[in-house]
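**Student:** Below: one structure in structure tokens.
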Amino acid sequence: MVRSEHWKSFALLIASIVFALLLGELLVRAFGTDAARWRPQNFVVDPSLGDSRLRTMQPHPLLGYVPRSGYRWVGSDGRSVTFDDEGFRQHHALDPAPANGEPLLVTGDSYAMGEEVSDDETIPAHLEQTLGRPVINAGVSGYGLDQVVLRSEALVPRLRPAALVVTFIADDVWRAAQRILWGVPKPYFEIADGTLVLHDEPVPRPADRRLDPFRRVAGYSFLVHTVMRRLGLTAYWYRGQVQHVEPSGADGGQVACLLMQRLAQLADTGVRVMVVAEYTPQAWPGQPYHRAEEQVTRPVLACARDAGLQTVDVLPALAAEVARVGIERLYRAGHMSDIGNRVVAEQIAGRLGQPL
């Protein structure tokens with residue numbers, strides 16, 4: 001009889017806990033503000049991000065990841081994404097520029113690589129067509145400005161280009177202050193006595209993306225998801241997932257400024273170096289981050305000029321084009337359209353035609 005009473009008490013306790021958890025789950029979802037809180041999903045994995053970016057990439061010990069050699073994808077709309085055996089985005093395969101002298105090298109993030117456009121619609125593709133000389137597209141989607149500079153430093157001595165065009169957006173400056181980005185480790189710099197110190201060299205391999213049993217089950221609870229974030233346990237909760245970000249502790253703006261000095265060292269070897277500021281659809285009047293991007297990019301351009309580098313701010317040219325044809329003609333979902341990339345390429349080509 002006593003044992004039976006114990007079992008009843010235990011069952012009542014379990015029922016009370018389950019009821020409290022269910023009530024908490026309902027209340028957190030009912031009074032929460034996250035638009036995804038009612039979705040039947042595992043909240044550890046964000047389906048809005050997916051990992052299409054990382055499917056086109058392969059691990060790299062210095063840079064974290066680089067484009068997958070020989071990767072090719074063709075969409076239902078005919079849009080093609082092609083990388084050669086060295087991981088450079090291809091363009092004008094049927095009508096290449098004549099090999100007349102040293103090539104130009106373009107580095108940067110997804111804006112340089114040409115996310116959302118076809119092979120022949122990227123900035124380097126338009127630049128090659130405008131200048132009539134080979135242009136190498138070494139842009140990599142998702143890179144921070146630190147990775148862009150490190151990739152430039154690795155490629156310039158080997159490719160010996162006539163000019164290096166380094167493009168960036170404001171978000172690349174923030175990315176330069178992260179040690180884990182898009183859920184994978186990356187190289188990062190800290191500042192010691194006014195000097196950049198590189199960490200994670202070689203870069204650790206990406207964590208196993210498979211969820212452990214607890215996250216596989218508890219991840220469906222928005223209550224647990226909320227508690228883990230409020231307690232600051234995101235390093236574990238998001239471990240190995242695309243959206244997981246861990247800051248390095250450094251200031252991205254200060255890192256970016258010192259990175260311009262590293263680019264100046266490349267210029268000392270005889271290569272012409274140009275730094276180009278680009279802008280997302282959020283940079284225009286009526287958008288949430290209007291002027292915020294300009295406030296980030298201008299100090300970086302100033303540091304580049306102080307280091308003796310050429311700079312191009314495409315904002316005035318894009319603003320004139322936005323006023324003429326509208327934002328929707330210059331951008332696709334989040335990146336430049338074919339028309340927008342052509343405008344940027346024309347600005348770069350015009351500056352390349354001017355003396356240092």
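**Student:** Which residue pairs have Cβ atoms under 8 Å apart, sit 6 or more places apart or on different chains, and have a first residue in the range 290-310 that is of a type outside the set (Asp, Glu) and a second that is assigned to a loop (DSSP other than H, G, I, E, B)?
**Tutor:** His290/Trp284; Thr297/Ile169; Thr297/Tyr279; Gln310/Leu356
**Student:** Residue check: is Tyr220 under 26 Å from Gly142 (Cβ atoms) and of a type in the set (Ser, Thr, Tyr)?
**Tutor:** No; evaluated as a whole, the condition is false for this residue.
**Student:** Read through the list (1) over 30 Å from Val197 (Cβ atoms); (2) modelled with pLDDT of 95 or more, then give the number of the only condition that Arg298 fails.
**Tutor:** Of (1) over 30 Å from Val197 (Cβ atoms); (2) modelled with pLDDT of 95 or more, only one is false for Arg298: (1).
Yes/no per residue for (1) in contact with a Phe, Trp or Tyr (Cβ under 8 Å, 6 or more places away or on another chain); (2) surrounded by 16 or more Cβ atoms within 10 Å (Cβ to Cβ); (3) among the acidic types (Asp, Glu):
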position: Arg68; (1), (2), (3): yes, no, no
position: Asp85; (1), (2), (3): no, no, yes
position: Phe88; (1), (2), (3): no, yes, no
position: Ala93; (1), (2), (3): no, no, no
position: Pro103; (1), (2), (3): no, yes, no
position: Gln129; (1), (2), (3): no, yes, no
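**Student:** Suppose the filter is aliphatic (A, V, I, L, M), surrounded by fewer than 18 Cβ atoms within 10 Å (Cβ to Cβ) and either assigned to a strand (DSSP E or B) or more than 14 Å from the chain's Cα centre (by Cα) (or both); does Leu198 pass it?
**Tutor:** yes
**Student:** Within the set of pairs 6+ apart or on separate chains, which have a first residue in the range 190-202 that is more than 15 Å from Arg262 (Cβ to Cβ), a second that is open to solvent by 60 Å² or more (accessible area, probe 1.4 Å), and C-beta atoms under 6 Å apart?
**Tutor:** Pro202/Pro61
**Student:** Identify all residues within the range 143-190 that are closer than 18 Å to Leu309 by Cβ, in a strand (DSSP E or B) and not small (Gly, Ala, Ser); write none if there are none.
**Tutor:** Matches in the range 143-190: Leu164, Val165, Val166, Thr167, Phe168.
**Student:** Tell me, yes or no, whether the range 220-227 has at least one residue that is closer than 25 Å to Val165 by Cβ, without any contact (Cβ under 8 Å) to a residue 24 or more places away in the chain and surrounded by fewer than 18 Cβ atoms within 10 Å (Cβ to Cβ).
**Tutor:** No, every residue in the range 220-227 fails to be closer than 25 Å to Val165 by Cβ, without any contact (Cβ under 8 Å) to a residue 24 or more places away in the chain and surrounded by fewer than 18 Cβ atoms within 10 Å (Cβ to Cβ).
**Student:** Tell me which of these Asn137 doesn't satisfy, since it passes every other one: (1) under 24 Å from Met113 (Cβ atoms); (2) among the polar types (S, T, N, Q); (3) touching a residue at least 60 places away in the same chain (Cβ under 8 Å).
**Tutor:** For Asn137, the failing item is (3).
**Student:** How many residues, within the range 242-270, are at pLDDT below 80 and either of a type in the set (A, V, I, L, M, F, W, C) or buried (at least 20 other Cβ atoms within 10 Å of the Cβ) (or both)?
**Tutor:** 3
**Student:** Sticking with this one: Before we move on, is Thr33 at pLDDT below 85, out of contact with any helix residue (DSSP H, G or I) (no Cβ under 7 Å at 6 or more places or on another chain), buried (at least 16 other Cβ atoms within 10 Å of the Cβ) and among the hydroxyl-bearing types (Ser, Thr, Tyr)? Spell out the reasoning first.
**Tutor:** Working: at pLDDT below 85: yes; out of contact with any helix residue (DSSP H, G or I) (no Cβ under 7 Å at 6 or more places or on another chain): yes; buried (at least 16 other Cβ atoms within 10 Å of the Cβ): no; among the hydroxyl-bearing types (Ser, Thr, Tyr): yes.
So Thr33 does not fit the description; no.
**Student:** Taking only the range 51-66 into account, find how many residues are in a strand (DSSP E or B) and either modelled with pLDDT of 90 or more or surrounded by 16 or more Cβ atoms within 10 Å (Cβ to Cβ) (or both).
**Tutor:** 6
**Student:** So which residues in the range 311-338 are surrounded by fewer than 14 Cβ atoms within 10 Å (Cβ to Cβ), touching a residue at least 12 places away in the same chain (Cβ under 8 Å) and within 24 Å of the chain's Cα centre (by Cα), if there are any at all?
**Tutor:** Ala333, Gly334
**Student:** Now a separate question. Which residue, of Tyr143, Tyr188, Tyr111, is within 22 Å of Pro281 (Cβ to Cβ), touching a strand residue (DSSP E or B) at 6+ places or on another chain (Cβ under 8 Å), aromatic (Phe, Trp, Tyr) and open to solvent by less than 30 Å² (accessible area, probe 1.4 Å)? Walk me through it before giving the result.
**Tutor:** Values: Tyr143 fails: touching a strand residue (DSSP E or B) at 6+ places or on another chain (Cβ under 8 Å); Tyr188 fails: within 22 Å of Pro281 (Cβ to Cβ).
None of the other options fit; the residue is Tyr111.
**Student:** Here's a check for you: in the range 36-49, which residue that is under 15 Å from Tyr238 (Cα atoms), open to solvent by less than 40 Å² (accessible area, probe 1.4 Å) and not β-branched (Val, Ile, Thr) is modelled with the lowest pLDDT? Give the steps one after another, and end with the answer.
**Tutor:** Of all residues in the range 36-49, those under 15 Å from Tyr238 (Cα atoms) come to 41-49.
Then drop every residue that is not open to solvent by less than 40 Å² (accessible area, probe 1.4 Å), which leaves 41-44.
Next cut, not β-branched (Val, Ile, Thr) only: 41-43.
Details: Gln41: 74, Asn42: 78, Phe43: 78.
So the residue we want is Gln41.
**Student:** Is one or more of the residues making up the range 281-291 open to solvent by less than 80 Å² (accessible area, probe 1.4 Å), part of a loop (DSSP other than H, G, I, E, B) and aromatic (Phe, Trp, Tyr)?
**Tutor:** The answer is yes, given that some residue of the range 281-291 is open to solvent by less than 80 Å² (accessible area, probe 1.4 Å), part of a loop (DSSP other than H, G, I, E, B) and aromatic (Phe, Trp, Tyr).
The values are calculated or read from the model by the stated rules, or taken from the named source; none is laboratory data. Since this is a predicted model, take the numbers as computed values, not measurements. As a convention, Cβ positions derive from the backbone with ideal geometry for all residues, glycine included, and neighbour counts pool all protein chains shown. When the accessible area is computed, the model is the full protein with side chains, heavy atoms only, and any ligands, DNA or RNA have been set aside. Shrake-Rupley method; radii C 1.70, N 1.55, O 1.52, S 1.80 Å.
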